[in-house]
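Structure first, commentary second.
The values are calculated or read from the model by the stated rules, or taken from the named source; none is laboratory data. Please read these numbers as outputs of a predicted model, since none were measured by experiment. So basically every Cβ, Gly included, is an ideal-geometry build from the backbone, and we count neighbours across all protein chains shown.
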Amino acid sequence: MERLTMNSLLIPLLFLGLGVAARVTSGQGNIYLQDTCNVTQYRDLCVHSLASFSRTAGRSPRRWARAGVSVTIREAKGIARYMRGMKSTGSVRGKQGMALADCIECFQEGLDNLHQSLRVLRKLNT
């Protein structure tokens, strides 16, 4: 059940990146970014997370897809690092500790899948 839940969290972030790629068709990167992020639930977070890619992604749907996946990987790594820190302090024990361990494992699986997606996207660019 936790795996399904974790994938349910990571998949929308991936779709955000793919949504960015699908909507990018002409104009400057910032215009694409603003237009694409306007349709997301967390517009400001979207703009903030992807703004650094505006110049390099430009009009390339592939680059926008890579940017979305890269941002998702960065954020998921941060969350996984935080959870590993919680586990290493020993402050979470018993059933909660086991649940945390499962969650860390799910995040690692999700990160592996995201890295695989990024490798595939890079191959598409060659």
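Does segment 66-76 include one or more residues that are surrounded by fewer than 13 Cβ atoms within 10 Å (Cβ to Cβ) and either free of Cβ contacts under 8 Å to residues at least 12 places away in the same chain or among the hydrophobic types (A, V, I, L, M, F, W, C) (or both)?
Scanning segment 66-76, I find at least one residue that is surrounded by fewer than 13 Cβ atoms within 10 Å (Cβ to Cβ) and either free of Cβ contacts under 8 Å to residues at least 12 places away in the same chain or among the hydrophobic types (A, V, I, L, M, F, W, C) (or both), so the answer is yes.
Within segment 26-67, which residues are modelled with pLDDT of 80 or more and part of a loop (DSSP other than H, G, I, E, B)?
Asn38, Val39, Thr40, Gln41, Tyr42
Could you tell me how many of the residues in segment 83-99 are surrounded by 12 or more Cβ atoms within 10 Å (Cβ to Cβ) and under 30 Å from Leu50 (Cβ atoms)?
Qualifying residue count for the region: 3.
Would you mind telling me which numbered condition in (1) under 16 Å from Leu33 (Cβ atoms); (2) of a type in the set (D, E, K, R); (3) surrounded by 14 or more Cβ atoms within 10 Å (Cβ to Cβ) Arg43 fails?
(3)
Answer yes or no as to whether Gly97 is out of contact with any strand residue (DSSP E or B) (no Cβ under 6 Å at 6 or more places or on another chain), of a type outside the set (D, E, K, R) and modelled with pLDDT under 90.
Taking the combined requirement at face value, the residue does not satisfy it.
Quick one: how many residues across segment 68-112 are part of a helix (DSSP H, G or I) and more than 30 Å from Asn30 (Cβ to Cβ)?
Counting residues in segment 68-112 that are part of a helix (DSSP H, G or I) and more than 30 Å from Asn30 (Cβ to Cβ) gives 27.
Mind listing just one residue for me: the one in segment 104-123 that is in contact with a helix residue (DSSP H, G or I) (Cβ under 6 Å, 6 or more places away or on another chain) and not polar (S, T, N, Q) and, of those, surrounded by the most Cβ atoms within 10 Å (Cβ to Cβ)?
Gly110
State which residue pairs qualify: first residue closer than 13 Å to Gly68 by Cβ and inside segment 38-57, second residue in a loop (DSSP other than H, G, I, E, B) and hydroxyl-bearing (Ser, Thr, Tyr) in any location, beta carbons under 6 Å apart, and separation of 6 or more residues or different chains.
Qualifying pairs under 6 Å: Cys46/Thr40.
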